[in-house]
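What follows is a set of notes on a single structure, which appears directly below.
All of the numbers you see were taken from the coordinates with simple rules; none came from a lab. This structure is a prediction, so every number in the text was calculated from the model and none was measured. Cβ: placed from backbone, ideal geometry, glycine included. Neighbour counts: every protein chain shown.
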């Protein structure tokens, strides 16, 4: 098992954001994580990636306990995340932004540039390499966030709403990119509200509501589960 989460709980003062979550992710799998806004999905990502320490529970990656390790240490082990609110280093170029990711594993500037160019070619952003990151339109900023994450050479990539705000063409491109990332041997967990997209790319779906897991299964099982329909999807989604 590549990732195993046991009894993960996070409290903020009197608020329980995540309660007793268990997750297992196999190598090469795409796991979808869905649920209403405020359900605790991003908090789970933050604990897995080290940005928040769990109140209770443990996280194992490749059999190693990583609970409470710092984000740089967890990244170095092979777990990388993107963020819902994309904040590139605006005054640096696209290439320089991706080089920052490479420097998590590489010290030589020439090698960092070479690897960053390879990443940009893979993600389709090579033609934008000399543009200031702050000048990119929203869809390309989202892609740059993925490019920077890939530059750290992850084994497990956590994508937090990488399709939010994209138009249908950009969503189609993002789905294609996710498929190609998987073919490179990277395991993925996706948080996403674009239901048709996440249902089409995920092997399994976990549904979170009020910080608790209410359902886990194949996409076709999840969309037909009455509790999921009531809590999140709604009857209109099922009809379509």
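Round to the nearest 10 and give me the degree value, 0 to 90, for the angle of helix 109-123's Cα axis relative to the longest principal axis of the chain. The angle comes out at about 50 degrees.
Taking the DSSP beta bridges with both ends in the range 118-228, the antiparallel portion is around 50 percent. Once the Cβ-Cβ distance between residue 220 and residue 100 is put in as r, and R0 is 35 Å, what FRET efficiency do you end up with, to the nearest 0.05? In this case the efficiency is close to 0.30.
Among 127, 49, 147, the residue with the largest mean-square fluctuation in a Gaussian network model of the chain, with springs joining Cα atoms closer than 10 Å, is 127. When each of 192, 29 is scored by the number of other beta-carbon atoms lying within 10 Å, the sequence from fewest to most is 29, 192. In the chain, the longest principal axis of the Cα atoms and the axis of helix 168-183 are about 80 degrees apart.
So between residue 117 and residue 58, what do we pick up on full extension, going 0.36 nm a residue minus the alpha carbon distance?
Details: separation 59, 0.36 × 59 = 21.24 nm, distance 3.68 nm.
Answer, rounded to one decimal: 17.6 nm.
Would you order 123, 55 from fewest to most other beta-carbon atoms within 10 Å of each residue's own beta-carbon?
55, 123
Could you check how many percent of all C-alpha pairs in the range 91-214 are farther apart than 20 Å?
Tail of P(r) above 20 Å: 45 percent of Cα pairs.
A simple spin-label model places pseudo-atoms 7 Å from Cα toward Cβ; at residue 212 and residue 130 they are separated by 5.8 nm.
Using R0 = 51 Å, the C-beta based FRET efficiency linking residue 200 and residue 109 works out to 0.80. Take every DSSP beta bridge whose two residues both sit in the chain; close to 55 percent of them are antiparallel. Rounded to the nearest Å, what's the spacing between the alpha carbon centres of the range 185-200 and the range 67-91? Just the number, please. If we compute the Cα centre of each part, the gap is 19 Å.
Between 13, 164, 112, the GNM of the chain built on Cα springs shorter than 10 angstrom shows 13 fluctuating the most.
From least to most packed, judged by other beta carbons within 10 angstrom and beginning with the fewest, 64, 26, 81 follow the order 64, 26, 81. The calculated FRET efficiency for the pair residue 91 and residue 227, based on their C-beta separation and a Förster distance of 51 Å, comes to about 0.60. Comparing 82, 42, 93 in a Gaussian network model of the chain (Cα springs below 10 Å), the most mobile by mean-square fluctuation is 93.
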